[in-house]
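Chemist: My questions will all concern the structure given below.
The values are calculated or read from the model by the stated rules, or taken from the named source; none is laboratory data. These numbers were taken from a predicted model, which means no experiment stands behind them. Every residue, glycine as well, gets a Cβ built from its backbone with ideal geometry; the counts of neighbours run over all protein chains shown.
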Amino acid sequence: MIEIKDTDLPITVAQKIICGTKPANNSPLIKGIAKALTNDENAGETMDMFSIEEIGEIASYLMTYCESHKNGD
């Protein structure tokens, strides 16, 4: 889950969206392979919260909002 705080700067919010992760629903076999290949005990446990395409879609929604609210709410 991404938590946005009142004190977060816009760049921090963007970073949270870009770098956010969620639990992966990988099988134990896939998790085991990921751990063996990376030598990382946590490999295969999480995945990106949003794909590049989804981040682009979020950016588009934000730009559309900004364009339609140039004079404020």
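Listed here are the residues, each with its yes/no results for (1) assigned to a loop (DSSP other than H, G, I, E, B); (2) surrounded by 10 or more Cβ atoms within 10 Å (Cβ to Cβ); (3) under 20 Å from the mean Cα position of the chain (by Cα).
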position: ILE11; (1), (2), (3): no, no, yes
position: ILE30; (1), (2), (3): no, yes, no
position: MET47; (1), (2), (3): no, yes, yes
position: ILE55; (1), (2), (3): no, yes, yes
position: ASN71; (1), (2), (3): yes, no, no
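Chemist: Taking the stretch 13-28 as the search range and keeping residues that are without any contact (Cβ under 8 Å) to a residue 12 or more places away in the chain and under 27 Å from CYS66 (Cα atoms), which one is surrounded by the most Cβ atoms within 10 Å (Cβ to Cβ)? Give the steps one after another, and end with the answer.
Modeler: Let us first name the residues in the stretch 13-28 that are without any contact (Cβ under 8 Å) to a residue 12 or more places away in the chain, namely 13-15, 19, 25, 27-28.
Retained after the next criterion (residues that are under 27 Å from CYS66 (Cα atoms)): 13-15, 19.
Numbers: VAL13: 13, ALA14: 15, GLN15: 12, CYS19: 11.
It comes out as ALA14.
Chemist: For LYS35, only one of the following conditions fails: (1) at pLDDT below 90; (2) exposed (fewer than 11 other Cβ atoms within 10 Å of the Cβ); (3) out of contact with any helix residue (DSSP H, G or I) (no Cβ under 8 Å at 6 or more places or on another chain). What is its number?
Modeler: Among (1) at pLDDT below 90; (2) exposed (fewer than 11 other Cβ atoms within 10 Å of the Cβ); (3) out of contact with any helix residue (DSSP H, G or I) (no Cβ under 8 Å at 6 or more places or on another chain), LYS35 violates only (2).
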